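**Q** Encoded as C-alpha cells, here's the structure I'll be asking about.
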Amino acid sequence: MQTHIISLLVEDNPGVLTRMSGMFTMRGINITSLTVSPCEKEGLSRMTVAIEGSESELEMVRKQLSNLIEVVKVVDLKESEAIIRDLCLLKVHVKDPEARSEVMQLAESYGAKILDAALDSVTLELTEEPKKIDRFVDLMRHFGVKQLFRTGVTAIGIGAGVER
Amino acid sequence: MTREKLSGAEIVVEELKDEGVEVAFGIPGGALLDLYDVLYKEEAIRHILMRHEQCAAHAADGYARVLGKTGVCIATSGPGATNLVTGLANANMDSSPVVALTGQVPTSVIGTNAFQEASTFTITMPITKHNFLVKRTSDLPKIIHNAFYIANTGRKGVVLVDLPTDILAGVAEVDLHPKETFAGYKPNIKPNQVQIKRVVEILANAERPLILAGGGVISADAAVELRHLADFLGAPVVTTLMGKGAIPENHPFCLGMAGMHGQLYANRAINECDALLALGTRFSDRTTGWQLDQFAPDATIIHVDIDTAEINKNMQVDIPIVGDVKLALSGILKLLEKKREKKTGSEWEKRIKKMHEACDSCVEDISREGASVSDILIKEISKLLDDDAIVTTEVGQCQMFAAYYYMTKKPRTFISSGGLGTMGFGFPAAIGAKVAAPDKKVVDIAGDGSFLMTCQDMATCVENDIPVVVCIFDNRYLGMIRQFQELFFDKKYSQSGLGITPDFVKLAESFGCYAERVEKPEELKDALNNAFESGKPAVLDMIVGKEDKVLPMIPPGGSITRMIGTERCKHI
Ligand SMILES: Cc1ncc(C[n+]2csc(CCOP(=O)(O)OP(=O)(O)O)c2C)c(N)n1
Ligand SMILES: [Mg+2]
C-alpha cells in the first residue's frame with residue numbers, strides 16, 4: 001500500500017465528480033483525499049485525488065479514468081516530482097499562559113499562522129506537505145485539539161510544468 | 001450546417017436521421033409525448049412499439065450486433081428508464097453500440113420526487129460508456145451527435161441521453177449536424193508500429209502459435225484478416241463465446257470455443273501453445289478458468305485490444321497492442337509476409353489436425369454414450385439452418401449447448417449475452433436481429449425459464465410481422481442451476497424446478513404465433529420447416545430431459561487444464 005496522487009483535468013459538468021468517484025467505488029478503492037477547483041483553462045476543473053493502493057491498482061485506475069469522456073487529462077504525480085500541499089486549520093486548547101506560549105512557539109517554528117486567539121484557545125493555519133502537517137497536529141494534540149479541518153492535498157509538478 | 005429554429009423533439013429527430021437511424025425500439029410515456037408527436041409524422045424512422053422496455057434495449061442491442069450499426073431504444077422517465085437498465089447493462093458489457101433516449105421530468109422539478117421521476121443519469125452512469133442529462137435545448141445537436149460518435153467508436157458501448165420534457169418542448173435556434181466532439185474523447189485506434197514489430201518477431205519464431213479470438217474481432221469486422229493470419233502462420237484459432245463466428249467453426253484450423261463450457265481441445269491448445277495471440281478479448285474467467293497460472297503457462301501472451309484499460313486487467317500479458325484489431329492484424333500480416341514464407345507441415349499443424357478431428361467427432365457423433373436430447377436438438381438445428389441464419393440464445397444450459405454444438409459459419413450470426421448472462425435476452429435480441437436482417441432466418445435458442453422473462457414481446461412480433469422462431473429447450477427447470485446443484489450441491493434442487501405451467505404452445509397461439517410441440521428430436525425437422533413456412537413468429541416447444549447436462553466443463557474455481565465430464569469426448 002502506498003499513497004498515490006492523481007491529478008485530473010475534467011470538464012466542469014454536473015455529475016463529473018460522481019462519475020469519477022464511481023470509478024473508484026466500483027473497484028473498491030478508498031479515496032483518502034480529494035480537492036476540486038477551477039484551473040487555468042476555462043470550462044475545465046482540476047481534481048487532485050489521493051488514493052491508497054498498489055502500483056497495479058493505480059495503473060488500472062489511471063487507465064479507467066482516462067477512458068471517462070469528461071476526463072481530459074490524467075497525470076499520476078510521483079511524490080519526488082511534485083510539490084504537494086495541504087491546508088490545515090486547527091483550534092488548539094491552551095489551558096494557561098505557559099501552554100499558550102509553547103503553542104505559539106511551535107507554530108512559529110512550523111511556519112503556521114496564528115489566525116485568532118481567545119482566552120482558552122488559539123486558531124492556527126498551516127499550509128504544508130501532508131506529512132509535516134501530520135507531525136504538527138500530533139504535537140498540538142498534547143495541548144488538546146478542539147477542531148481540525150484539512151482541505152486535502154493539491155499538487156503540482158516541479159520544473160517547467162510540462163505534464164506527462 | 002444549417003441554422004434553424006426547432007423544438008427540442010424536432011432537433012432530436014433531425015439528428016437521429018442525420019446519424020442514419022432507420023429503426024428505433026421503444027415505448028412512449030408522459031415525458032415523451034413531444035418526441036412521439038414528432039415521430040408520428042416521421043417516415044424515415046420506423047418505430048417498433050415493444051411490450052417491455054428491457055426488450056427495447058435488447059432489441060436495439062441485437063440489431064446493433066447484426067449490423068454493426070448503432071441500435072436505438074427509447075423509454076419514458078421513471079419506470080420506463082429503470083426497465084431499460086438490464087438491457088443497457090447487457091449491451092454495454094458486450095460492447096454493443098446502443099443509444100438510449102429516455103424521457104425525464106422537467107428540469108424545474110428534477111430532484112423533487114416528481115411523478116415518474118427516477119435519477120436515470122446517476123442510475124445508468126456505471127452501466128453506460130457515457131450518459132448525458134440535457135440541460136438546454138440548444139445543446140441537443142452536439143449531444144445527440146456525440147452520443148452516436150461515442151457509442152460506435154473505440155470500444156463500443158451504450159450512451160444514454162436523458163431528455164427532460166421542457167427541453168423537448170422548448171424551442172431553440174440551432175446549427176444542426178455539428179461535427180464538434182469532446183476534448184476528453186480520443187479513441188485509440190492506430191496500433192503502435194513498434195509493438196507490431198515485436199509481435200511479428202514472436203509469431204515468426206513461435207513453434208506452436210495459437211490465436212484466441214474474442215468479440216473484438218467481430219466488432220472490428222476483422223474476420224478476413226484473422227483467417228489470413230491463421231492460414232499464414234499455421235496457427236489454430238480458438239474463440240470466446242463473444243468470438244463465435246470470427247472464423248467458420250468447420251475451418252480446419254478452428255478448434256471451437258475455449259473456456260468453462262468450451263471444447264476440450266480448445267483448452268488443450270491453450271495449454272500447449274508457445275505464443276498466444278489474444279484478439280479483442282478481456283480474458284474473462286469464463287474463458288481463462290480461475291487458476292491463471294495454468295492458463296497458457298508456456299506461452300508468450302500477446303494482447304490486442306482497443307481498450308487500454310483491458311491490458312493487464314485480468315491477465316498479465318507480455319506484449320500489449322492497443323488499437324483496432326483489424327488494423328493490428330493487417331499490420332502484423334504485412335510485416336510477417338515480408339519476414340518469412342507461409343508455414344506448412346509443422347508438427348504443430350499435424351497436432352492441430354488431430355485435435356480438430358477430435359473436436360469434430362465430439363460434436364458430430366451425437367449418438368455416442370451420454371449424448372442427450374438437448375445435444376441432438378442443437379446439432380439438428382445446426383444442420384437445418386443455412387450459413388447466413390442468425391442464432392440468438394437465452395442464458396443457461398440452452399446457451400451453452402448452443403455454444404458447444406452450433407456450428408457458426410459467419411461473423412454476426414451468433415448472438416448471445418456474454419458478459420452479463422441475461423436470461424430473457426435471446427428473444428428480444430432475435431426481434432432486433434430480424435428487423436436488421438429481414439431476409440435471414442432468425443432462431444432464438446431458448447430455455448423455458450429464460451423465455452418466460454420476456455415472452456410478452458410475442459405481441460410485438462405478431463403486430464409488426466417479425467417472424468422469428470423460438471426453439472424452447474423445455475426441461476421445466478432452471479436447468480443450469482439444476483446442473484450445478486446436481487454436480488456440486490449434493491442434488492439438493494433448491495428452487496430450480498419450474499413446475500408444469502405454462503403450456504407454451506397455447507401461450508404462443510394466444511398471441512397469434514405459430515406453435516408446435518416437438519416431443520422427439522426426429523420431429524424437429526418438420527416442425528422447424530412448418531415454423532418457417534408459416535411466415536409467422538413461431539414457438540417450438542421442444543421437450544428435453546431435465547437431466548441433460550452441459551459437459552465437459554471446468555468446475556467453478558477450477559483450472560482450464562482440468563475439465564470434468566470428458567468421458568464423452570474423443571481422446572487422442
Ligand atoms: C435475469 C437472470 N436471472 C437469473 C439468472 C441465473 N441463472 C443462470 S442460468 C439460469 C437458468 C436458466 O433456465 P432456463 O432458461 O430454463 O435454461 P436452461 O438452463 O434450463 O436451459 C438462471 C436462473 C440469470 N442468468 N439471469
Ligand atoms: Mg429450462
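The values are calculated or read from the model by the stated rules, or taken from the named source; none is laboratory data. This one's a predicted model, so the numbers in the text were calculated from it and none came from an experiment. Virtual Cβ from ideal backbone geometry, glycine too; neighbours counted across all protein chains shown. Calculation scope for accessible area: heavy atoms of the full protein, side chains included, ligands and nucleic acids excluded. Shrake-Rupley method; radii C 1.70, N 1.55, O 1.52, S 1.80 Å.
**Q** Just the residues that are more than 16 Å from ligand 1 (Cβ to nearest atom), under 30 Å from B:E533 (Cβ atoms) and exposed (fewer than 12 other Cβ atoms within 10 Å of the Cβ), please, taken from the range B:490-515.
**A** Answer for the range B:490-515, where residues must be more than 16 Å from ligand 1 (Cβ to nearest atom), under 30 Å from B:E533 (Cβ atoms) and exposed (fewer than 12 other Cβ atoms within 10 Å of the Cβ): just B:K506.
**Q** Could you figure out which of (1) among the polar types (S, T, N, Q); (2) surrounded by fewer than 16 Cβ atoms within 10 Å (Cβ to Cβ); (3) within 27 Å of B:T76 (Cβ to Cβ); (4) within 32 Å of the chain's Cα centre (by Cα) isn't true of B:N113?
**A** The one condition B:N113 does not meet is (4).
**Q** State the number of residues belonging to the range B:116-147 that are outside any helix (DSSP H, G or I) and not small (G, A, S).
**A** Summing the residues that are outside any helix (DSSP H, G or I) and not small (G, A, S) in the range B:116-147 gives 11.
**Q** With the requirement that a residue be assigned to a helix (DSSP H, G or I) and within 30 Å of the chain's Cα centre (by Cα), what does the range B:28-45 give you?
**A** Passing the criteria: B:L32, B:L35, B:Y36, B:L39.
**Q** For a quick check of your reading: which helices (runs of 4 or more DSSP H) sit entirely within the range B:359-461 and have at least 2 residues that are away from ligand 1 (no atom under 12 Å from the Cβ)?
**A** Numbers: elements: B:373-384, B:397-405, B:426-436, B:448-454.
The helices (runs of 4 or more DSSP H) meeting that bar are B:373-384, B:397-405, B:426-436.
**Q** Shifting gears a bit: Considering only the range B:160-198, state which residues are of a type in the set (A, V, I, L, M), outside any loop (DSSP other than H, G, I, E, B) and closer than 23 Å to B:I319 by Cβ. Break it down stepwise before answering.
**A** So in the range B:160-198, the residues of a type in the set (A, V, I, L, M) come out as B:160-161, B:163, B:167-169, B:171-172, B:174, B:176, B:183, B:189, B:194, B:196.
Still in the running and outside any loop (DSSP other than H, G, I, E, B): B:160-161, B:163, B:167-169, B:171-172, B:174, B:194, B:196.
The answer is B:V194, B:I196.
**Q** Quick check on the range B:67-85. Is at least one of its residues crowded, with 19+ Cβ neighbours inside 10 Å, among the small types (G, A, S) and either within 16 Å of ligand 1 (Cβ to nearest atom) or under 14 Å from the mean Cα position of the chain (by Cα) (or both)?
**A** Yes, the range B:67-85 has at least one match.
**Q** I've got another one for you. Would you tally the residues in the range A:44-56 being surrounded by fewer than 18 Cβ atoms within 10 Å (Cβ to Cβ) and within 14 Å of chain B (Cβ to nearest Cβ)?
**A** 3
**Q** As an exercise: evaluate B:I445 against (1) more than 16 Å from ligand 2 (Cβ to nearest atom); (2) open to solvent by less than 10 Å² (accessible area, probe 1.4 Å) and give the number of the one condition it does not meet.
**A** The failed condition is (1).
**Q** Residues that are crowded, with 18+ Cβ neighbours inside 10 Å and away from ligand 2 (no atom under 14 Å from the Cβ): does the range B:469-489 have at least one?
**A** Yes, the conditions are met somewhere in the range B:469-489.
**Q** Looking at A:L8, A:L68, A:L77, which one is crowded, with 19+ Cβ neighbours inside 10 Å, touching a Ser or Thr at 6+ places or on another chain (Cβ under 9 Å) and either within 14 Å of chain B (Cβ to nearest Cβ) or aromatic (F, W, Y) (or both)?
**A** On the way: A:L68 fails: touching a Ser or Thr at 6+ places or on another chain (Cβ under 9 Å); A:L77 fails: either within 14 Å of chain B (Cβ to nearest Cβ) or aromatic (F, W, Y) (or both).
None of the other options fit; the residue is A:L8.
**Q** Further, regarding this structure: Answer yes if at least one residue in the range B:174-182 is in contact with a Leu (Cβ under 8 Å, 6 or more places away or on another chain) and of a type outside the set (A, V, I, L, M, F, W, C), and no otherwise.
**A** No, the range B:174-182 contains no residue that is in contact with a Leu (Cβ under 8 Å, 6 or more places away or on another chain) and of a type outside the set (A, V, I, L, M, F, W, C).
**Q** Could you list, in sequence order, the residues of the range A:112-151 that are farther than 25 Å from A:T32 by Cβ and among the acidic types (D, E)?
**A** If the condition is that a residue be farther than 25 Å from A:T32 by Cβ and among the acidic types (D, E), then A:D116, A:D120 are the ones that fit.
**Q** Being in contact (Cβ under 8 Å) with a residue 40 or more places away in the chain and part of a loop (DSSP other than H, G, I, E, B) is the requirement here; does B:K570 meet it? Steps first, please.
**A** On the way: in contact (Cβ under 8 Å) with a residue 40 or more places away in the chain: yes; part of a loop (DSSP other than H, G, I, E, B): yes.
Against the criterion (in contact (Cβ under 8 Å) with a residue 40 or more places away in the chain and part of a loop (DSSP other than H, G, I, E, B)), B:K570 qualifies.
**Q** May I ask you to say which residue of B:I127, B:I123 is of a type in the set (A, V, I, L, M), within 14 Å of chain A (Cβ to nearest Cβ), open to solvent by 60 Å² or more (accessible area, probe 1.4 Å) and closer than 29 Å to B:P28 by Cα?
**A** B:I123
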